[in-house]
Amino acid sequence: MNRYEGRRVLITGGGSGIGRATVHRILAEGGLVHAVDVSEAGLKVTADRAAAEGHQDRLTAAVLDISDENAVKEGVAAATLALGGLDVLVNAAGILRSAHTHQTTLDLWNQVIGVNLTGTFLMIRESLPALLAGDRPAVVNFSSTSASFAHPYMSAYAASKGGIQSMTHALAAEYSKQGLRFTCVAPGSIESGMTTGNGPGLPEDTDWSLFTKLAPALGQGFAGPETVAGVVAMLGSEDGAFITGTEIRIDGGTHY
Ligand SMILES: NC(=O)c1ccc[n+]([C@@H]2O[C@H](COP(=O)([O-])OP(=O)(O)OC[C@H]3O[C@@H](n4cnc5c(N)ncnc54)[C@H](O)[C@@H]3O)[C@@H](O)[C@H]2O)c1
């Protein structure tokens, strides 16, 4: 499949997990990709794999903190220059922090909302002029199953992901007449840096009985990040041409 031949794609969170899998999937489909992440080391691993697969000519990368307004302004301008325009924005960067809500500091709350929700907003706002001038443009945002199904100890994260889902619907209404599509993926139970131990995990005294649904119905456990990357690639391509203002849950049936 070469759905991305000639398409210019900016991907956040390209230094790990689902963002990285999306970089490789879109490169494999012929796309021109600019990957950003706060992790320089993560981007290096992504670039090394792209080179090993012979795709180094179509990948550029840069360190960017999506929660920093000025950095996003500069980073999106640099990305648009490197790509020669912009057709697709994939907002995969995110953080998960878990804690009892009565022990959640305002700093922790602001950090999660600042990266996940405000960072996604900043990336979209700064990319809009280039996207509106792009070819069949699309934005794919990252919600989570926690936006619609209760995940205890993650109120800040769930709120940030619910906000991204709501924002996606509002943006679709605002820009559909100009041909710009906005969709969300809502992953769950996916192996990635986030689920295998980056950042603080669940509280030590976690009450597991509060988690009503834990295991995917499909397969033997968590799935690889490429299971989400394929859906992201579909949403950003012409196969998703009649999809906007909605989300697709990708959790192996954990929450059906
Ligand atoms: N893994 C899952 O089961 C799951 C479930 C629901 C939603 N998600 C979402 O999928 C997306 C990808 O996460 P993942 O699971 O691949 O985890 P991950 O930790 O492997 O990848 C997240 C990436 O985002 C980057 N990042 C963090 N803060 C950043 C910032 N301020 N600026 C730029 N980059 C930053 C990290 O460095 C990392 O490379 C996230 O939005 C996450 O919330 C994942």
Next item on the list: Considering each residue of region 205-245, count those that are more than 18 Å from R7 (Cβ to Cβ), in a helix (DSSP H, G or I) and open to solvent by 30 Å² or more (accessible area, probe 1.4 Å), and give that number.
Entry: 5
Checklist line | The lone exception for A150 - which of (1) over 19 Å from the mean Cα position of the chain (by Cα); (2) within 11 Å of the ligand (Cβ to nearest atom) it fails | finding: (2)
Checklist line | Considering residues of region 16-37 that are within 16 Å of the ligand (Cβ to nearest atom) and either in contact with a Phe, Trp or Tyr (Cβ under 6 Å, 6 or more places away or on another chain) or among the small types (G, A, S) (or both) only, the residue nearest to G236 (Cα to Cα) | finding: I26
Next item on the list: Output the residue which, of all residues in region 189-203 that are at pLDDT 90 or above and more than 6 Å from the ligand (Cβ to nearest atom), is farthest from Y157 (Cα to Cα).
Entry: E191
Next item on the list: Starting from region 29-45, keep only residues that are in contact (Cβ under 8 Å) with a residue 12 or more places away in the chain, then list their pairs with residues that are aromatic (F, W, Y) and crowded, with 21+ Cβ neighbours inside 10 Å whose Cβ atoms are within a distance under 7 Å, requiring at least 6 positions of separation or different chains.
Entry: E29/Y4; G30/Y4; G31/Y4
Item checked: Residue count, region 103-133 (criterion: among the hydrophobic types (A, V, I, L, M, F, W, C), exposed (fewer than 13 other Cβ atoms within 10 Å of the Cβ) and either assigned to a helix (DSSP H, G or I) or in contact (Cβ under 8 Å) with a residue 60 or more places away in the chain (or both)) -> 1
Notebook entry, point to check: Is it true that V90 is open to solvent by 50 Å² or more (accessible area, probe 1.4 Å), within 12 Å of the ligand (Cβ to nearest atom) and either touching a helix residue (DSSP H, G or I) at 6+ places or on another chain (Cβ under 9 Å) or at pLDDT 95 or above (or both)?
Noted result: no
Notebook entry, point to check: Within region 164-182, can one find any residue that is more than 16 Å from the chain's Cα centre (by Cα), surrounded by 21 or more Cβ atoms within 10 Å (Cβ to Cβ) and within 15 Å of the ligand (Cβ to nearest atom)?
Noted result: no
Next item on the list: Collect the residues in region 10-44 that are open to solvent by less than 50 Å² (accessible area, probe 1.4 Å), in a loop (DSSP other than H, G, I, E, B) and of a type outside the set (D, E), keeping them in residue-number order.
Entry: G13, G14, G15, S16, G30, G31, S39
Margin query: Take A47 and tell me if it is surrounded by fewer than 23 Cβ atoms within 10 Å (Cβ to Cβ), within 18 Å of A79 (Cβ to Cβ) and more than 10 Å from the ligand (Cβ to nearest atom).
Written below: yes
Notebook entry, point to check: Any residue in region 62-78 that is within 10 Å of the ligand (Cβ to nearest atom), of a type in the set (A, V, I, L, M) and in a strand (DSSP E or B)?
Noted result: yes
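The values are calculated or read from the model by the stated rules, or taken from the named source; none is laboratory data. These numbers were taken from a predicted model, which means no experiment stands behind them. Neighbour counts run over all protein chains shown; Cβ positions are idealised from the backbone, glycine included. We work out accessible area using only protein heavy atoms, side chains counted, and drop any ligands, DNA or RNA first. Shrake-Rupley method; radii C 1.70, N 1.55, O 1.52, S 1.80 Å.
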